[in-house]
Every structure is written in C-alpha cells, then in structure tokens.
Amino acid sequence: MGQAIQEARENRELRRNCYTQLHRDARQFATALSRRLYAMRDHTPGQEDVSALEGAKDAYRDRWSEALMIAPDAVIVPAHELNEALTRVYGQIKRLEQGDPRPGETLQSAAEAQHALWSLTGVTREAMRRDLGVTAGAGEEAARQTTLAPSSNPTALTRDFTESLDGPDS
C-alpha cells in the first residue's frame, strides 16, 4: 500500500511538472506568434524574430509530445484544441510571410486567431488544474476565468492591424 501511494505521488508530480511546462511553453509560443505579427506589420522580420518564433514552437512541440504520453483524455482533449489552434496560427503567419495566404488570410485575421489562443490556453489550464485536484467546482472556474483573463483588448488588437493596412484616417 505504501508503494502504491508513493507511485501515485510520483505520477502526480510528473503530470504537474509536465503541465507547468506545457502551459508555460504554450503561452510563450502564443506570445511569440503575437510578436511575429507585430514584426510583420512594422518591418520585415529579421533573423532574431525567426529564431524566437521557431525556438518557442520547438519547445512547445517537445512539451506537447510529452503531455501526450502522460496526460489523461480529460486534459488531452482541450490541449489538442489548443495545439491545433497554435498550429493553424503558425501556418497562417508562415503563409502570409511567404506571400501565399489562403483566401481570407490577412494580418488582421491572423491577429484575431492569435488572440483566441488565450481563451484556449485558459481552458487547457483549467483541465490540467482539475486533473491535479487544484481546481474545485465549475462555479469557481467562471469566477477565476474572469480574474485570469488576458488583459489585451481584442478590439484594440484588431485596430492595431486594421490601421496598419488602411491607414489611421480610414
């Protein structure tokens, strides 16, 4: 019985470490995508911009691979949605950089998709916290999401990319 308790503690610690790093790396990847969009708006991205985004993507991909082997389905499902969204935004940014966007892909649509990553990150974080027993009930979850929501304003974000294309007087 003592060994079973120890194994359960070790398993929880393994998941906690993985979740902490996955959450951090997902946020860093989302932030790198945002920075890349602003760099694309303001100037041609340099090698430092390229390296920063690729490094964040690679770190996230490694952590995602680890989570796939450790996390239960209750965490993998929302984390998979986040992973898909991160991949879509990354792909959209790369296509825009290469001058080969799909119909409807613009800096503004990429910025809107990037902004939506934050809510998916929050949903994934809550699933990880529930798995670890840190989060209580669903009622508390709604209150916590209000206080932990990102401070950026989606209207201002859209304006940042609309004005860059249309000019400030449009």
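Would you mind getting the accessible area per residue of the range 1-95, heavy atoms of the protein chains only, 1.4 Å probe, in Å²?
Roughly 57 Å² per residue, with all protein chains present.
Maximal additional length on extending the V134-D62 stretch stands at 23.4 nm, based on 0.36 nm per residue less the C-alpha distance. Mean separation of Cα pairs under 8 Å and 6 or more residues apart, divided by the residue count, gives the range 1-116 a relative contact order of 31 percent. Given their separation in residues at 0.36 nm each and the Cα-Cα distance between them, D42 and D73 gain 7.1 nm when the chain is fully extended.
Counted over the range 26-102 with a bin width of 10 Å, the fraction of Cα pairs per bin, in whole percents, is 18, 47, 25, 10, 0.
The values are calculated or read from the model by the stated rules, or taken from the named source; none is laboratory data. Values in this document were obtained by computation on a predicted structure and should not be read as measured data. SASA here: full protein model, heavy atoms, side chains in, ligands and nucleic acids out. Shrake-Rupley method; radii C 1.70, N 1.55, O 1.52, S 1.80 Å.
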